[in-house]
Structures are given as C-alpha cells and as structure tokens.
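Okay, so here's the structure we're looking at.
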Amino acid sequence: MNDPGGETFEQQAYITRFLLDYTAVPLAGGTFLRGVLPAQDAVRVVTGAADASAPHELVAYEVPLSDEDEEPVTAPQVLGWTRTLASGPLPDTDATVMSMPLVLVDTTALEPADSTSTDRALRLLRTLAWPFVENLPSPALCGFLFTGQDSVRLYLAVEMADGLVAADVQLTGALTALLAALPSLIDEEERWVTDTSDPHCVYSVDLTTW
C-alpha cells in the first residue's frame with residue numbers, strides 16, 4: 001500500500017473481519033452491526049436494526065484504535081464497548097458523519113460488556129473454519145456500510161491509492177463473477193472518482209451495474 005497508514009489498515013481489516021458475524025447476530029436486543037467505517041486512527045462502528053440502511057436509522061460510534069497507553073485495541077474490546085453503547089440510550093451528540101449521528105467513544109470511561117456464550121462460540125468456530133493468516137487478502141477489506149436493502153459499500157486497501165477506495169456493489173446478480181473480478185476492477189484507476197460525501201475513502205468506484 002502507498003499509504004503510510006498500512007498498519008492502521010491492517011488493524012481496521014482485523015476488526016472488520018472479527019465483527020462481520022454481528023451483521024446477522026444481534027449486538028444487543030434488536031441492534032445489529034450495519035457497518036464499520038475506517039477513519040483516521042479509529043473505526044466507526046455503525047449500528048441499527050437488522051435491515052436499516054438510511055442514515056436516520058443508524059448510529060456511528062467512533063472507537064480509537066489505541067488505548068490510553070498507546071497500545072492497539074483489540075476487536076473483542078471494540079465489540080464489548082459497542083455492545084455497552086448499543087444496550088443503552090443514544091448518548092447526546094451534535095456530531096454527524098454521512099448524515100448519521102456520530103458518537104465519539106471515550107474508552108477510558110466506558111466499561112466493555114462481558115462476552116456472551118454466543119461470542120465465545122463464534123470465536124471458536126471462526127478460528128477453526130477461518131483461521132488467522134499473517135498476509136491479508138488483496139485488496140484488504142478495511143470496512144463496509146450497508147447502503148440499501150440490496151447494496152453495500154466496501155472500503156478496500158488498494159496498493160496504488162494513497163488511502164482507501166470505496167466500491168459500491170449490489171448483493172444480487174452475478175455475485176460470484178463480481179468477487180472474482182473485484183481485485184482487478186478496483187485497481188483500474190480510470191474507474192476512480194472523488195467522493196466528497198464520504199470522508200472514509202479517497203476515491204470511490206461504482207460497480208453496482210457491473
């Protein structure tokens with residue numbers, strides 16, 4: 001990756017990968033994971049109802065990637081803090097990102113929720129079925145956001161870009177073919193456009209009609 005934040009991308013990809021199950025398993029009550037947005041030195045964990053995608057239906061919690069001792073935070077910690085927040089009322093905030101309420105999380109003042117039996121089972125099964133590998137897939141998935149009932153924005157670390165490239169894709173259609181072609185499609189610089197509405201990427205690519 002050209003970006004000097006390569007280690008940040010790796011941590012964001014690790015957190016994203018760990019949290020993916022919670023798009024289907026509730027974080028708390030009827031609240032699910034609806035996105036992980038890669039921000040500077042942070043991840044913005046987006047929550048909402050199982051099928052929520054409109055900004056007014058979502059909440060983004062910004063969690064720093066390091067603790068007060070400058071040690072990297074772990075994905076289980078991010079899950080615990082997010083579950084604590086998702087279990088209570090929405091904290092007061094005047095901040096927004098992409099028209100969603102944005103809550104800046106003070107991890108020093110927040111107690112992470114304990115892991116559940118489901119968390120532990122998922123961790124065991126995930127580790128056995130999808131073991132950790134030192135080398136990330138290319139391009140690495142550093143975040144995502146559901147943008148509709150049938151669409152998602154993927155945040156990908158592309159070697160030739162000075163930051164992340166967002167790819168908008170449909171969840172129906174020739175998905176297998178798209179997955180096979182995605183690494184080459186995302187590298188085609190002529191497809192890149194600047195998206196000033198999204199602060200989480202340097203370029204975006206529309207692959208919804210591919």
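In region 54-64, what residues are in a loop (DSSP other than H, G, I, E, B) and either surrounded by fewer than 19 Cβ atoms within 10 Å (Cβ to Cβ) or charged (D, E, K, R) (or both)? So that I can check it myself, show each step before the final result.
Kept after step one, since they are in a loop (DSSP other than H, G, I, E, B), are these residues of region 54-64: 54, 58.
Result: Ala54, single match.
When region 160-188 is examined, which residues are found to be among the acidic types (Asp, Glu) and part of a loop (DSSP other than H, G, I, E, B)?
As a first pass, look at region 160-188 and keep what is among the acidic types (Asp, Glu): 162, 168, 187-188.
The answer is Asp162, Asp187, Glu188.
If I ask for residues that are in contact (Cβ under 8 Å) with a residue 60 or more places away in the chain and open to solvent by 50 Å² or more (accessible area, probe 1.4 Å), which ones from region 88-129 would you list?
Within region 88-129, Met98, Thr118 meet the criteria.
Here's a check for you: in region 175-195, which residue that is open to solvent by 70 Å² or more (accessible area, probe 1.4 Å) and more than 19 Å from the chain's Cα centre (by Cα) is farthest from Gly6 (Cα to Cα)?
Kept after step one, since they are open to solvent by 70 Å² or more (accessible area, probe 1.4 Å), are these residues of region 175-195: 176, 179-180, 187, 189-191, 193-194.
Now restrict to residues that are more than 19 Å from the chain's Cα centre (by Cα): 176, 180, 187, 189-191, 193-194.
Working: Thr176: 28, Ala180: 24, Asp187: 17, Glu189: 20, Glu190: 23, Arg191: 23, Val193: 22, Thr194: 21 Å.
My answer is Thr176.
Cβ contacts < 9 Å: first residue farther than 12 Å from Leu104 by Cβ and assigned to a strand (DSSP E or B), restricted to region 34-45; second residue among the charged types (D, E, K, R) and open to solvent by less than 10 Å² (accessible area, probe 1.4 Å), any location; separation 6+ or different chain. Result?
Sorted first by the residue in region 34-45, then by its partner, the pairs are Leu37/Asp198.
The values are calculated or read from the model by the stated rules, or taken from the named source; none is laboratory data. Note that the structure is a prediction, hence the values are computed from the model and not measured. For neighbour counting, all protein chains shown are included, and Cβ atoms are generated from backbone atoms with ideal geometry for every residue, glycine included. Only protein heavy atoms, including side chains, enter the accessible area calculation; ligands, DNA and RNA are left aside. Shrake-Rupley method; radii C 1.70, N 1.55, O 1.52, S 1.80 Å.
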